[in-house]
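Heads up: the structure comes next, in structure tokens.
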Amino acid sequence: MDITRRQLLKYSAAIAAASAIGLELPLPDKVDAAHVEKWVKTVCRYCGAGCGVYAGVDKGRVVAVKGDKDNWNKGFLCIKGYYLPPILYSADRAKYPMLNKGGKFVRISWKEAMDLMTEKFADSIKKHGVHSVAFYGSGQAYSEESYFMNKLFKGGLGTNNIDGNPRLCMASAAVGYVSTFGKDEPMGAYDDIYHSECFFIIGSNMAECHPVIFRIINERKQKDKNVKIIMADPRKTLSARIADMHMSFIPGTDLAILNAMAHVIVKENLYSKEYVNHHLVFKTVKGDKPAKVSFEEYVKFLDEYTPEMAEKVSKCPKDDIIKAARWFAQSRATMSFWTMGLNQRTRGVWANNLVHNLHLLTGQINRPGATSFSLTGQPNACGGVRDTGLLSHLLPYGRLVANEGHREEMEKFWGISKGKIHPKPGPTAVDIFRSFNKGDIKALWVACTNPGQSLPNLAPYRKGMEAKDTFLVVSDTYHPTRTTELADLVLPAALWAEKDGTYGQSERRYQYLEKAVQPPAEARPDLDVMLEFAHKLFSKLDRTDEVKKLFNFKTSEDVWNEMRLASKNTAYDFMGMTRARMKKAHGIQWPCPTEDHPGTVRRYTAKYGDVLVKKFDPAASDVSFYGAKADGNRAAIWLRPYKGPVEPADAEYPFVLTTGRQIEHWHTGTMTLKVPELKRSAPNAYVEINPRDAQNLGIKSRDKVKLTSRRGSIILEAKVMDVPRDGLVFVPMHYPDKLINQLTIDAYDAMSKQPEFKICAVKIEKA
Ligand SMILES: Nc1nc2c(c(=O)[nH]1)N[C@H]1C(S)=C(S)[C@@H](COP(=O)(O)OP(=O)(O)OC[C@H]3O[C@@H](n4cnc5c(=O)[nH]c(N)nc54)[C@H](O)[C@@H]3O)O[C@H]1N2
Ligand SMILES: Nc1nc2c(c(=O)[nH]1)N[C@H]1C(S)=C(S)[C@@H](COP(=O)(O)OP(=O)(O)OC[C@H]3O[C@@H](n4cnc5c(=O)[nH]c(N)nc54)[C@H](O)[C@@H]3O)O[C@H]1N2
Ligand code: SF4
Ligand SMILES: [Mo]
């Protein structure tokens, strides 16, 4: 065992390193096979790429993982994927319900825990109404869990006090897709990478955050010398090292760059007349309402965004902007990728719209290799949260809380009385915690997320979570975490491989995760706990008669079948994805309306196989943005002006702080910091400072430095490296002993309500 395991570890580290710098390695063929009784088909626990994996089980334990060669990842995994097994067996797994008694956690039974929790929720509802309770969920929960909680809160209780951590992550992308195309989710697929000739990667460190997708891009580049990679990021990340062009700029100024690229495209006549005339509308905001304008007005709007103007604002050389615009427009097929560098911004939605604009304007869309592709962060932010509607403004499968017709459809579908779904969208992530602080929300259930570490501007929210006059329940797989330590009640949860359910990933790919082993001690799958909660709560609210109608589920498959029905005849239709089929398949991409339908690689184009084009827009010969029915099935080019961040650097706080990720670790580190190999490779928090700034400040690598923002300060070890541009420092978010979110700002995008984690002002001193 030891030898093969060591080999495995060596192998995975090598693959990660190789994929980061664009090298090819052979597939890992026989991983630990001798010691495995059975291989269980599932999906990686971590990123939204959604690599297919097999979990190797021996004597009731997961002892190895190997990549699924029949899935899109062709058997490749990154370092985190290979090291999945140890996260199940860490000593701090939460094993029993724990009650916080005056600061000390004591073990209680599940019956006591569920009685207490439902008593607190029922009490609050009876005394203060349904809007006094809330749920804060996760893009890492299984789809069935999220769908169920959404139904319980919006349909059962009649409150929209339910949101999830994708609000910190994908909200700007979701609102970006909806405002441009009428419906959420990318139209393209990983398959487009094989056909693309130009990759425009902006605000995304793919080498570290989506390594297996990045690997395919590298492979493409090595095979075809015409392939160009443009990387737009204020840090020269690992991803930027293989780019043909790295566009560096002052954080928060890329809106000007994107408009300037459109300016060049129009001025040089590189735009698609076909798209402008037949597939697009042009929109702006007048007063506070959207208004249609003409193409000519769009051209006029672009006038001021000359490459010179954009250079002045951003410090990105104008020649780079011109070259990028030409590469983008003139390549045979261009594919864009972006992640948090665009989304975690107070202008996140606008930044998303501006990337879509470039694709629409040039017609670099709706054919193989040409597409506008938002990378998803968490493994189930798409399927579980955006699609099931576990955000305070959404209902399942593209329906909106604010739309009366959509509410009626769901009320009918759920069999609840008309008007039961509250017409006003509920509070979003940050606002749930603001309300909790104020005591407007009195009982809050947090599951599968660690807000005590991951929310922006943490100090006030941590205080609120700790307060004694409210009730906080946290379901987590570990205890203590920086959130469970603040809870009144901690519920132990089964982890990946210990429960079954579905994930939905970046390219509309739904995948089934089989249960492989038993959870430890008394840990339970979240769905079981949610079902029990609903039954007990409704009986305490004297609504037992409704329980059968609303919550008549026993297994995740029962919930899945209702979800399929809820998607029927919508743009998300996945009626054809029966559980039996999902168990065999290596992921299926929706739309997939019938059991014999193979799934849809590219949406909005009949020519490349989207059967829904004919259904929603029978007159269309090929392309139809059928999500945008109100605009005649045309997508929107938005006139979005340049606006900077809310807290740029200034005389008092002269540096920009940006935060994000490293390849080894996952978010708050609860899982990956328990894996010895990953911990050894990246053991501690640090601040990245570039050599010029370091010299000016008299700072060397390993010096202790104090970072201070208007909200807090922190002492970190300096790492002097030529990654961030001048005036920018970077700190990873992974380390629970160094809460960088005590410094970040909780200002958010007005449309998506996604916070500006990526930009705030700090000062730096030697500590
Ligand atoms: N290893 C690892 N992988 C992960 C995760 C993880 O925790 N660890 N988490 C997953 C999740 S949930 C997410 S959301 C994704 C995040 O994936 P990414 O978004 O790729 O990762 P980040 O490090 O958050 O930020 C990406 C880049 O944004 C840049 N940036 C900062 N300011 C700006 C700006 O003004 N404009 C532009 N264009 N870029 C800017 C930063 O320099 C940084 O390099 O990763 C997923 N994959
Ligand atoms: N400074 C800064 N902050 C950020 C970001 C940033 O870029 N910079 N990014 C933001 C983004 S994009 C994201 S997605 C968030 C992520 O932030 P979080 O969601 O708070 O981070 P995770 O560590 O993924 O938290 C998941 C928790 O669920 C637990 N868990 C794992 N599996 C299960 C399960 O099956 N059931 C239950 N009940 N629990 C489980 C884990 O132990 C862990 O405690 O952070 C946001 N915060
Ligand atoms: S790329 Fe993402 S899904 Fe694939 S193995 Fe790595 S963390 Fe898992
Ligand atoms: Mo995320």
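Could you tell me how many of the residues in the range 593-623 are crowded, with 23+ Cβ neighbours inside 10 Å, in contact (Cβ under 8 Å) with a residue 24 or more places away in the chain and touching an Asp or Glu at 6+ places or on another chain (Cβ under 8 Å)? Steps first, please.
To start, the set of residues in the range 593-623 that are crowded, with 23+ Cβ neighbours inside 10 Å comprises 600, 602-604, 610, 613, 623.
Narrowing further to those that are in contact (Cβ under 8 Å) with a residue 24 or more places away in the chain: 600, 602-604, 623.
Next, only the ones that are touching an Asp or Glu at 6+ places or on another chain (Cβ under 8 Å) stay: 600, 602-604.
Matching residues across the range 593-623 total 4.
Here are some conditions: (1) under 19 Å from V446 (Cα atoms); (2) within 16 Å of ligand 1 (Cβ to nearest atom); (3) in a loop (DSSP other than H, G, I, E, B). R167 meets all but one. Which one does it not meet?
So R167 meets the others, but not (3).
With A291, A370, A324 as the choices, which residue is touching a strand residue (DSSP E or B) at 6+ places or on another chain (Cβ under 7 Å) and without any contact (Cβ under 8 Å) to a residue 12 or more places away in the chain?
From the options A291, A370, A324, the qualifying one is A291.
Where residues in the range 710-767 are more than 23 Å from the chain's Cα centre (by Cα) and among the acidic types (D, E), which of them is nearest to G669 (Cα to Cα)?
Out of the qualifying residues, it is D737.
Considering only residues of the range 722-744 that are away from ligand 1 (no atom under 13 Å from the Cβ) and among the hydrophobic types (A, V, I, L, M, F, W, C), which is surrounded by the fewest Cβ atoms within 10 Å (Cβ to Cβ)?
Step by step, filter the range 722-744, then rank; the result is L739.
How many residues does the range 640-680 hold that are at negative phi and part of a loop (DSSP other than H, G, I, E, B)?
Selection size over the range 640-680: 25.
With the condition kept exactly as written, say whether any residue in the range 312-329 is at positive phi and not in a helix (DSSP H, G or I).
Yes - at least one qualifying residue is present in the range 312-329.
How about the range 229-244: which of its residues are away from ligand 2 (no atom under 16 Å from the Cβ) and either basic (K, R) or part of a helix (DSSP H, G or I) (or both)? Spell out how you get there, then give the answer.
Applying the first criterion (away from ligand 2 (no atom under 16 Å from the Cβ)) to the range 229-244 yields 229-232, 236, 238, 240-244.
Of everything in the range 229-244, those that are away from ligand 2 (no atom under 16 Å from the Cβ) and either basic (K, R) or part of a helix (DSSP H, G or I) (or both) turn out to be K236, A240, R241, I242.
Just to be sure I understand, how many residues within the range 359-384 are away from ligand 1 (no atom under 16 Å from the Cβ), among the hydrophobic types (A, V, I, L, M, F, W, C) and in a helix (DSSP H, G or I)?
Residues meeting the conditions: 2.
Only one residue in I714, I699, I759, I689 is outside the structural domain of Y478 (by TED's automatic domain parsing) and free of Cβ contacts under 8 Å to residues at least 60 places away in the same chain, so which one is that? Can you show your working first?
On the way: I699 fails: free of Cβ contacts under 8 Å to residues at least 60 places away in the same chain; I759 fails: free of Cβ contacts under 8 Å to residues at least 60 places away in the same chain; I689 fails: free of Cβ contacts under 8 Å to residues at least 60 places away in the same chain.
Criteria check complete, one pass: I714.
Taking the conditions exactly as written (without any contact (Cβ under 8 Å) to a residue 12 or more places away in the chain and surrounded by fewer than 24 Cβ atoms within 10 Å (Cβ to Cβ)), does G155 satisfy them or not?
Answer is no for this residue.
So for the range 97-119 (the condition being assigned to a loop (DSSP other than H, G, I, E, B) and surrounded by 20 or more Cβ atoms within 10 Å (Cβ to Cβ)), does at least one residue qualify?
yes
Applying the selection to the range 330-358, what residues are among the basic types (K, R) and either assigned to a helix (DSSP H, G or I) or touching a Lys or Arg at 6+ places or on another chain (Cβ under 8 Å) (or both)?
The answer is R345, R347.
Among the residues that make up the range 525-537, is at least one of them touching a residue at least 60 places away in the same chain (Cβ under 8 Å), crowded, with 24+ Cβ neighbours inside 10 Å, more than 30 Å from V53 (Cα to Cα) and under 24 Å from the mean Cα position of the chain (by Cα)?
no
Could you please give the count of residues in the range 142-182 that are within 16 Å of ligand 3 (Cβ to nearest atom) and more than 19 Å from the chain's Cα centre (by Cα)?
Filtering the range 142-182 for residues within 16 Å of ligand 3 (Cβ to nearest atom) gives 142, 169-170.
Remaining after also requiring more than 19 Å from the chain's Cα centre (by Cα): none.
Result for the range 142-182: 0.
Condition check: in contact with a strand residue (DSSP E or B) (Cβ under 6 Å, 6 or more places away or on another chain) and within 16 Å of ligand 4 (Cβ to nearest atom). Does T670 satisfy that?
yes
Residues checked against (1) in contact with a His (Cβ under 7 Å, 6 or more places away or on another chain); (2) in contact (Cβ under 8 Å) with a residue 60 or more places away in the chain; (3) within 14 Å of ligand 2 (Cβ to nearest atom):
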| position | (1), (2), (3) |
| --- | --- |
| F655 | no, yes, no |
| G660 | no, yes, yes |
| E664 | no, yes, yes |
| G669 | yes, yes, yes |
| L673 | yes, yes, yes |
| P676 | no, yes, no |
| A685 | no, no, yes |
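Across the range 35-45, which residue is farthest from ligand 1 (Cβ to nearest atom) among those that are out of contact with any helix residue (DSSP H, G or I) (no Cβ under 7 Å at 6 or more places or on another chain) and closer than 13 Å to P379 by Cβ?
Restricting to residues being out of contact with any helix residue (DSSP H, G or I) (no Cβ under 7 Å at 6 or more places or on another chain) and closer than 13 Å to P379 by Cβ, the top hit is T42.
State the number of residues belonging to the range 105-146 that are closer than 29 Å to Y46 by Cβ and either outside the structural domain of E522 (by TED's automatic domain parsing) or among the polar types (S, T, N, Q) (or both).
Qualifying residue count for the region: 4.
If we only count strands (runs of 3 or more DSSP E) wholly inside the range 681-767, which ones have 1 or more residues that are among the basic types (K, R) and modelled with pLDDT of 95 or more? Please lay out each step first, then the result.
Working: elements: 686-689, 704-708, 713-720, 728-732, 760-766.
In the range 681-767, 704-708, 713-720, 760-766 are the strands (runs of 3 or more DSSP E) which contain 1 or more residues that are among the basic types (K, R) and modelled with pLDDT of 95 or more.
Have a look at I416, I421, I365, I441 and point out the one that is away from ligand 2 (no atom under 16 Å from the Cβ) and within 26 Å of Y190 (Cβ to Cβ).
Working: I416 fails: within 26 Å of Y190 (Cβ to Cβ); I421 fails: within 26 Å of Y190 (Cβ to Cβ); I441 fails: within 26 Å of Y190 (Cβ to Cβ).
Of the residues listed, the single one that is away from ligand 2 (no atom under 16 Å from the Cβ) and within 26 Å of Y190 (Cβ to Cβ) is I365.
Scan the range 437-452 for residues that are surrounded by 24 or more Cβ atoms within 10 Å (Cβ to Cβ) and part of a helix (DSSP H, G or I) and report the count.
2
Of all residues in the range 46-84, how many are among the basic types (K, R) and within 16 Å of ligand 1 (Cβ to nearest atom)? Walk me through it before giving the result.
First, the residues of the range 46-84 that are among the basic types (K, R): 59, 61, 66, 69, 74, 80.
Remaining after also requiring within 16 Å of ligand 1 (Cβ to nearest atom): 80.
Going through the range 46-84 one residue at a time, the tally reaches 1.
Identify the single condition in (1) in a loop (DSSP other than H, G, I, E, B); (2) within 16 Å of ligand 2 (Cβ to nearest atom); (3) in contact with a Phe, Trp or Tyr (Cβ under 8 Å, 6 or more places away or on another chain) that G389 does not satisfy, given that it satisfies every other one.
So G389 meets the others, but not (2).
Among the residues of the range 638-664, count how many are out of contact with any strand residue (DSSP E or B) (no Cβ under 7 Å at 6 or more places or on another chain) and within 16 Å of ligand 3 (Cβ to nearest atom).
Adding up the residues that qualify gives 2.
Determine if the range 85-108 includes at least one residue that is over 23 Å from the mean Cα position of the chain (by Cα), within 30 Å of H35 (Cα to Cα), among the aromatic types (F, W, Y) and more than 16 Å from ligand 1 (Cβ to nearest atom).
Yes: one or more hits.
Inside the range 165-191, can you point out the residues that are under 15 Å from T600 (Cβ atoms) and either within 16 Å of ligand 2 (Cβ to nearest atom) or hydroxyl-bearing (S, T, Y) (or both)?
Once the filter is applied, which keeps residues that are under 15 Å from T600 (Cβ atoms) and either within 16 Å of ligand 2 (Cβ to nearest atom) or hydroxyl-bearing (S, T, Y) (or both), the range 165-191 yields only Y190.
Identify all residues within the range 245-273 that are without any contact (Cβ under 8 Å) to a residue 40 or more places away in the chain and outside any helix (DSSP H, G or I); write none if there are none. Show your work before the answer.
Of all residues in the range 245-273, those without any contact (Cβ under 8 Å) to a residue 40 or more places away in the chain come to 246, 267, 269, 273.
Correct list: H246, N269.
Please count how many residues of the range 494-531 are near ligand 2 (Cβ under 10 Å from one of its atoms) and either at pLDDT below 95 or among the acidic types (D, E) (or both).
2
The values are calculated or read from the model by the stated rules, or taken from the named source; none is laboratory data. In this text, all values refer to a predicted model and were calculated from it rather than measured experimentally. All Cβ positions, glycine included, derive from the backbone under ideal geometry; neighbour counts span all protein chains shown.
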